[in-house]
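The values are calculated or read from the model by the stated rules, or taken from the named source; none is laboratory data. If you're wondering where the values come from, they're calculated on a predicted model, not measured in any experiment. Glycine also receives a Cβ, built like all others from the backbone with ideal geometry; neighbour counts cover every protein chain displayed. Note: accessible area is taken over every heavy atom of the protein model, side chains too, but ligands, DNA and RNA are not part of it. Shrake-Rupley method; radii C 1.70, N 1.55, O 1.52, S 1.80 Å.
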Amino acid sequence: MTGIGGSSAAAQLAAITRWTDPAAPIGVDERLRRIEQARRLTRDSGADALIIGAGTSLRYFAGVPWGATERLVALLIPVTGDPILIAPYFELGSLEAELQIPVEFRLWQEDKSPTALVADTCRAWGAGTLAIDPALPFLFVDRIAKDAPGLTLISGAAAVDGSRMHKSPAEIALMQQAKSMTLEIHRRAALTLRDGIRASEVIRFIDEAHRKIGGSPSTFCMVQFGHGTAFPHGVPGDPELREGDMVLIDTGTTVQGYHSDITRSYVFGKPNDEQRRIWDLEKAAQAAAFTAAQPGHPCESVDQAARDVLEASGLGPDYTLPGLPHRTGHGIGLSIHEPAYLVRGDTTPLAAGMCFSNEPMIVIPDRFGIRLEDHFYMTDSGPVWFTQPQVAIDAPFA
């Protein structure tokens, strides 16, 4: 084994230093350009205003990392005029501390209706059509419809997804940092493996290591050994690692809210012939997907390229097992999964700035699974890896 085992969690944690070249945060000018783009895309969709709920899109446009609750916090963006933030009165100070764009506040007290405030604002603007953030809970959409029966509500996906799908150089730099940090933590986690180690020990190490290197706590961490690797999102329990087990570790962190999400698959010990053959097929499918990701081609063509490799070797077809049970990849940014998707039926043309996972997992039922997951971003001349793919089943970090 090369780079697998031979060390300890304590030794590896002690060797980690904080990231020395952090990417710059998103600036105010870039956020204001996002607002202008959202206005244009909202106007093109036939709407007069766009509402953005708390969550990753509010962070994208306004810089506010505010989670959605039963209390409405929302940004209203008219196609002309200044944005307005609808918010609880008692949250004013907290929101002002986070905001990174100039807005006018419209505040509501606990015994008042925030959606009535939305309706009143739209009426004052003369807005006849409101585009709705696709992530805004139905709870609020339903109440807006009742408070403004003359207002036409349409999907705001064209404005929200149309803006967020295409990452700027500043966003790509933040994602590069997150992914580079996670790959380094993967490398160190592999060194801590030993016969009998429990998955929970590896998960704890990865979380502590992400914190120490300068990322957020692990946004997720899946560690599976042996039979558990045959399930794309794992199985419950806390397995112990044994010689000959397939190891599948899928984890990530965030930098300024931007995600990493990397998976490595290898064997603890000497791979058998079947493990090596399937790993090599996975590697070929991932490479084919990357090659197929060309500007102007539909997203679904990338998924098909990976499936063609597997089907030519007798796996599948389609989602049949043994084979590839899920899409080849997903968009990524402030959300770990976001449009567009590398899956049959998504005809979105690939274009510069779009960022994707590339993870055409192979599942051999009741035996093992192999997923190699790296991410790439699109340029005008084609795809570029954020992280270099795994080299070999027995040399995961060569």
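Just checking, does region 35-49 include any residue being assigned to a loop (DSSP other than H, G, I, E, B), closer than 26 Å to H210 by Cα and aliphatic (A, V, I, L, M)?
Initial filter on region 35-49 (assigned to a loop (DSSP other than H, G, I, E, B)): 45-48.
When the remaining residues are screened for being closer than 26 Å to H210 by Cα, the result is none.
No, region 35-49 has no match at all.
Do we have L281 as surrounded by fewer than 22 Cβ atoms within 10 Å (Cβ to Cβ), more than 23 Å from the chain's Cα centre (by Cα) and touching a residue at least 60 places away in the same chain (Cβ under 8 Å) here? Working first, answer last.
Details: surrounded by fewer than 22 Cβ atoms within 10 Å (Cβ to Cβ): yes; more than 23 Å from the chain's Cα centre (by Cα): yes; touching a residue at least 60 places away in the same chain (Cβ under 8 Å): yes.
Yes; evaluated as a whole, the condition is true for this residue.
Among the candidates D238, D308, D318, D250, which residue alone is assigned to a helix (DSSP H, G or I) and either open to solvent by 30 Å² or more (accessible area, probe 1.4 Å) or within 22 Å of H375 (Cα to Cα) (or both)? Break it down stepwise before answering.
Working: D238 fails: assigned to a helix (DSSP H, G or I); D318 fails: assigned to a helix (DSSP H, G or I); D250 fails: assigned to a helix (DSSP H, G or I).
Just one listed residue meets the conditions, D308.
Tally up the residues in region 40-82 that are over 25 Å from the mean Cα position of the chain (by Cα) and farther than 20 Å from F138 by Cα, please.
Residues that pass the stated criteria total 11.
Please enumerate the residues belonging to region 72-118 that are surrounded by 14 or more Cβ atoms within 10 Å (Cβ to Cβ), touching a residue at least 40 places away in the same chain (Cβ under 8 Å) and closer than 23 Å to T152 by Cα.
Result: L72, A74, L76, I77, P78, V79, P83, P114, T115, V118.
Out of all the residues in region 133-149, is one or more closer than 20 Å to V79 by Cα, in contact with a Lys or Arg (Cβ under 9 Å, 6 or more places away or on another chain), part of a helix (DSSP H, G or I) and aliphatic (A, V, I, L, M)?
no
Inspect region 156-174 for any residue being more than 23 Å from the chain's Cα centre (by Cα) and either surrounded by 17 or more Cβ atoms within 10 Å (Cβ to Cβ) or of a type in the set (D, E, K, R) (or both) and give the result as yes or no.
Within region 156-174, the subset more than 23 Å from the chain's Cα centre (by Cα) is none.
No: zero hits.
Looking at P322 and the list (1) out of contact with any Cys (no Cβ under 7 Å at 6 or more places or on another chain); (2) more than 18 Å from E274 (Cβ to Cβ), which single condition is not satisfied?
Here P322 clears every test but (2).
Inside region 278-297, can you point out the residues that are in contact with a Ser or Thr (Cβ under 9 Å, 6 or more places away or on another chain) and either farther than 25 Å from R344 by Cβ or of a type in the set (G, A, S) (or both)?
Here is the first cut: in region 278-297, the residues in contact with a Ser or Thr (Cβ under 9 Å, 6 or more places away or on another chain) are 279, 281-282, 284-286, 289, 292-295.
The answer is A284, A285, A289, A292, A293.
Could you check how many residues of region 264-278 are assigned to a helix (DSSP H, G or I), open to solvent by less than 30 Å² (accessible area, probe 1.4 Å) and under 13 Å from A395 (Cβ atoms)? Show your work before the answer.
Looking only at region 264-278, we keep the residues that are assigned to a helix (DSSP H, G or I), and these are 273-278.
The next check asks that each one be open to solvent by less than 30 Å² (accessible area, probe 1.4 Å); those that pass are 275, 278.
Cutting the leftovers down to under 13 Å from A395 (Cβ atoms) gives us none.
Here the count works out to 0.
Give me the pairs, please: first residue somewhere in region 126-148 and open to solvent by 30 Å² or more (accessible area, probe 1.4 Å), second residue anywhere and assigned to a loop (DSSP other than H, G, I, E, B) and among the hydroxyl-bearing types (S, T, Y), beta-carbon distance under 9 Å, and either six or more positions apart or on two chains.
Listed pairs, sorted by first residue: A135/S335; R143/S113; D147/S113.
Looking only at residues in region 350-370 that are assigned to a loop (DSSP other than H, G, I, E, B) and surrounded by fewer than 24 Cβ atoms within 10 Å (Cβ to Cβ), which one is modelled with the lowest pLDDT? It would help to see each step written out before you state the result.
Just the residues of region 350-370 that are assigned to a loop (DSSP other than H, G, I, E, B), to begin with: 350-354, 359-361, 365-367.
Narrowing further to those that are surrounded by fewer than 24 Cβ atoms within 10 Å (Cβ to Cβ): 350-353, 365-367.
On the way: L350: 98, A351: 98, A352: 98, G353: 98, P365: 97, D366: 93, R367: 97.
Looking at the filtered set, the residue picked out is D366.
Which one of the conditions (1) assigned to a helix (DSSP H, G or I); (2) at pLDDT below 95 does D29 fail to meet, given that it meets all the rest?
Result: D29 fails condition (2) only.
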